[in-house]
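**Student:** Encoded as structure tokens, here's the structure I'll be asking about.
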Amino acid sequence: RKEVEQDPGPFNVPEGATVAFNCTYSNSASQSFFWYRQDCRKEPKLLMSVYSSGNEDGRFTAQLNRASQYISLLIRDSKLSDSATYLCVVNILSGNTPLVFGKGTRLSVIA
Amino acid sequence: ETGVTQSPTHLIKTRGQQVTLRCSSQSGHNTVSWYQQALGQGPQFIFQYYREEENGRGNFPPRFSGLQFPNYSSELNVNALELDDSALYLCASSLRTGTGGDTQYFGPGTRLTVL
């Protein structure tokens, strides 16, 4: 089982749609959780951290369920500029802190 | 922009050659992590440097090695290049505070092609 698994995608949605990405992680010791966005042939950029209480940033909402080891990202009112690959990332704090990435889910928002 | 820079941006090498990739961390950051991202995959952790010492390593062979300098910049060296080493190599810098949860900021990456 991979450490971080995401919906395989790709997701093709019309502008204005709501889209949800799901992610599961296998290591219960994971402490920090993130969603990164990666545009084609560019570096990953931090979209938002994910907290147990859930957090919202404009059209983006992230949720964490530690009991189920499940993370989600909801994008409301999709824009063309949201087209990118979304990477689910966990961080196991054990002295050294590498980020463990999922494979990513590609989103294409269509006019 | 994150303030993390990498050089070169692109590189073409042949099998068996050696390559050195460079990373300048964001001002004030003391930790550099290197990742390899193959096409269609998420980044995979290679190793991390903190205060000039290797501080964690992923599942990569010894021909992947690195350095961190007193100014916290870093190098990734790969010997005896193989075709499968073709990938985007990402450097991420962060500030280790001891409380954990360091946010890592990525540079633009070096795209290595091995022929």
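The values are calculated or read from the model by the stated rules, or taken from the named source; none is laboratory data. What you are looking at is a predicted structure, and each value in this text was computed from that prediction instead of being measured. In this analysis, Cβ positions are derived from the backbone assuming ideal geometry, glycine residues included, and neighbour counts consider all displayed protein chains. The protein model used for the area step is the full one, side chains on, heavy atoms only, and it has no ligands, DNA or RNA in it. Shrake-Rupley method; radii C 1.70, N 1.55, O 1.52, S 1.80 Å.
**Student:** Give just the number: which of (1) within 15 Å of the chain's Cα centre (by Cα); (2) modelled with pLDDT of 95 or more; (3) aliphatic (A, V, I, L, M) does A:Ile110 not satisfy?
**Tutor:** Result: A:Ile110 fails condition (1) only.
**Student:** Name every residue in segment B:64-78 that is assigned to a strand (DSSP E or B) and either more than 20 Å from A:Glu43 (Cβ to Cβ) or not β-branched (Val, Ile, Thr) (or both), in order of residue number.
**Tutor:** B:Phe64, B:Ser65, B:Gly66, B:Leu67, B:Gln68, B:Ser74, B:Glu75, B:Leu76, B:Asn77
**Student:** How many residues are closer than 15 Å to B:Cys23 by Cβ, in a loop (DSSP other than H, G, I, E, B) and open to solvent by less than 40 Å² (accessible area, probe 1.4 Å) when one looks only at segment B:79-109?
**Tutor:** 3
**Student:** Within segment A:29-40, identify whether any single residue is aliphatic (A, V, I, L, M) and outside any loop (DSSP other than H, G, I, E, B), and answer yes or no.
**Tutor:** no
**Student:** Determine whether A:Gly16 is away from chain B (no Cβ under 14 Å), small (Gly, Ala, Ser) and in contact (Cβ under 8 Å) with a residue 60 or more places away in the chain.
**Tutor:** Against the criterion (away from chain B (no Cβ under 14 Å), small (Gly, Ala, Ser) and in contact (Cβ under 8 Å) with a residue 60 or more places away in the chain), A:Gly16 qualifies.
**Student:** Name every residue in segment A:75-90 that is more than 14 Å from chain B (Cβ to nearest Cβ) and under 11 Å from the mean Cα position of the chain (by Cα), in order of residue number.
**Tutor:** A:Ile75 - this is the single residue of segment A:75-90 that is more than 14 Å from chain B (Cβ to nearest Cβ) and under 11 Å from the mean Cα position of the chain (by Cα).
**Student:** To continue, here is another question. What are the pairs with Cβ atoms under 9 angstrom where one residue, in segment A:53-76, is at positive phi and the other, located anywhere, is outside any strand (DSSP E or B) and open to solvent by 70 Å² or more (accessible area, probe 1.4 Å)? Sequence gap at least six, or different chains.
**Tutor:** Taking only residues 6 or more apart or on different chains, the pairs are A:Gly58/A:Arg76; A:Gln69/A:Ser28.
**Student:** Same structure, new question: Considering segment B:35-78 alone, what residues qualify as being closer than 19 Å to B:Ile12 by Cα, in contact (Cβ under 8 Å) with a residue 40 or more places away in the chain and surrounded by 14 or more Cβ atoms within 10 Å (Cβ to Cβ)?
**Tutor:** B:Tyr35, B:Gln36, B:Gln37, B:Glu75, B:Leu76, B:Val78
**Student:** Checking the condition over 14 Å from A:Gly102 (Cβ atoms) and either open to solvent by less than 50 Å² (accessible area, probe 1.4 Å) or within 12 Å of chain B (Cβ to nearest Cβ) (or both), which residue from A:Ser49, A:Ser30, A:Ser72 passes?
**Tutor:** The conditions single out A:Ser49.
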